[in-house]
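Participant: Got a structure here, written out as structure tokens. Questions coming.
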Amino acid sequence: MNNTEKIVKEITEFHQDIEKWFQGTAEDRDLLYKKLLSGFSPEFKMINGNGYTVTLSAFSDWLPTVFGKFPERTVYVENIKVWHSDHHGLATYTEVQITGESSNKRQSSGIFLLHPEKALWFHLVEKWI
């Protein structure tokens, strides 16, 4: 798998899995929790759409509070673009979340650390559209 494929796979699978998490449809909640967090570097930080910085520790503490909280929510990404060197990658994409009749979009830019087996999220910036 080349570096572009690793990054696209990580973005796509994460959003598929977070949708399952929000809906509470995971067959094995603990396994999905571990899978969601396994894609992140320990130094991960995110600047969310509200401008707040979220660390991996804060994100991992937040996840259990939203398991099954949005049973009707769908999550998907579109317009993924990737640039990379041999060790780092930058991806931009649009994330869409729809809950009932309400939807929101955010433009996201992620920096990834590239390893032989996968890409790890290192930094993420989200802006509301």
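The values are calculated or read from the model by the stated rules, or taken from the named source; none is laboratory data. For clarity, every value in this text was computed on a predicted model and none was experimentally measured. As a convention, Cβ positions derive from the backbone with ideal geometry for all residues, glycine included, and neighbour counts pool all protein chains shown.
Participant: How about the range 22-32: which of its residues are part of a helix (DSSP H, G or I) and charged (D, E, K, R)? Before the answer, list the steps.
Facilitator: Taking the range 22-32 and keeping what is part of a helix (DSSP H, G or I), we get 22-23, 29-32.
Residues satisfying the conditions are R29, D30.
Participant: Here is a follow-up. Sort out which residues of the range 50-72 are in a loop (DSSP other than H, G, I, E, B) and either within 15 Å of the chain's Cα centre (by Cα) or not charged (D, E, K, R) (or both), and write them in order of number.
Facilitator: Selection gives N50, G51, Y52, F67, G68, F70, P71.
Participant: For the range 19-53, how many residues meet the condition of being hydrophobic (A, V, I, L, M, F, W, C) and either touching a Cys at 6+ places or on another chain (Cβ under 8 Å) or surrounded by fewer than 16 Cβ atoms within 10 Å (Cβ to Cβ) (or both)?
Facilitator: 3
Participant: Can you give me the number of residues within the range 85-108 that are touching a Lys or Arg at 6+ places or on another chain (Cβ under 9 Å), over 27 Å from N3 (Cβ atoms) and part of a strand (DSSP E or B)?
Facilitator: So the answer is 3.
Participant: A follow-up question, please. Do we find that E5 is at pLDDT 95 or above, among the acidic types (D, E) and buried (at least 17 other Cβ atoms within 10 Å of the Cβ) in this structure?
Facilitator: It is false that E5 is at pLDDT 95 or above, among the acidic types (D, E) and buried (at least 17 other Cβ atoms within 10 Å of the Cβ).
Participant: Let me ask something else. If I go through the range 30-43 residue by residue, how many of them are in contact with a helix residue (DSSP H, G or I) (Cβ under 7 Å, 6 or more places away or on another chain) and either more than 20 Å from F67 (Cβ to Cβ) or not hydrophobic (A, V, I, L, M, F, W, C) (or both)?
Facilitator: Residues flagged as in contact with a helix residue (DSSP H, G or I) (Cβ under 7 Å, 6 or more places away or on another chain) and either more than 20 Å from F67 (Cβ to Cβ) or not hydrophobic (A, V, I, L, M, F, W, C) (or both) within the range 30-43 amount to 4.
Participant: How many of the residues in the range 33-49 are outside any loop (DSSP other than H, G, I, E, B) and either within 13 Å of the chain's Cα centre (by Cα) or aromatic (F, W, Y) (or both)?
Facilitator: Residues in the range 33-49 being outside any loop (DSSP other than H, G, I, E, B) and either within 13 Å of the chain's Cα centre (by Cα) or aromatic (F, W, Y) (or both): 11 in total.
Participant: How many of the residues making up the range 107-118 are touching a residue at least 12 places away in the same chain (Cβ under 8 Å) and over 12 Å from the mean Cα position of the chain (by Cα)?
Facilitator: Total satisfying the criteria: 4.
Participant: In addition: Looking at the range 33-48, I want the residues that are under 22 Å from E19 (Cβ atoms) and modelled with pLDDT of 95 or more and have a partner that is exposed (fewer than 13 other Cβ atoms within 10 Å of the Cβ) and not hydroxyl-bearing (S, T, Y) with Cβ atoms under 8 Å, at least 6 apart or on another chain. Which pairs are those?
Facilitator: Y33/P64
Participant: Please count how many residues of the range 55-104 are of a type in the set (K, R), closer than 28 Å to D30 by Cα and exposed (fewer than 15 other Cβ atoms within 10 Å of the Cβ).
Facilitator: Number satisfying all stated conditions: 1.
Participant: Here is a further query. So if I check each of T99, T92, T65, which one is out of contact with any helix residue (DSSP H, G or I) (no Cβ under 7 Å at 6 or more places or on another chain), within 15 Å of Q23 (Cα to Cα) and without any contact (Cβ under 8 Å) to a residue 24 or more places away in the chain?
Facilitator: Values: T99 fails: without any contact (Cβ under 8 Å) to a residue 24 or more places away in the chain; T92 fails: within 15 Å of Q23 (Cα to Cα).
None of the others qualify; the one that does is T65.
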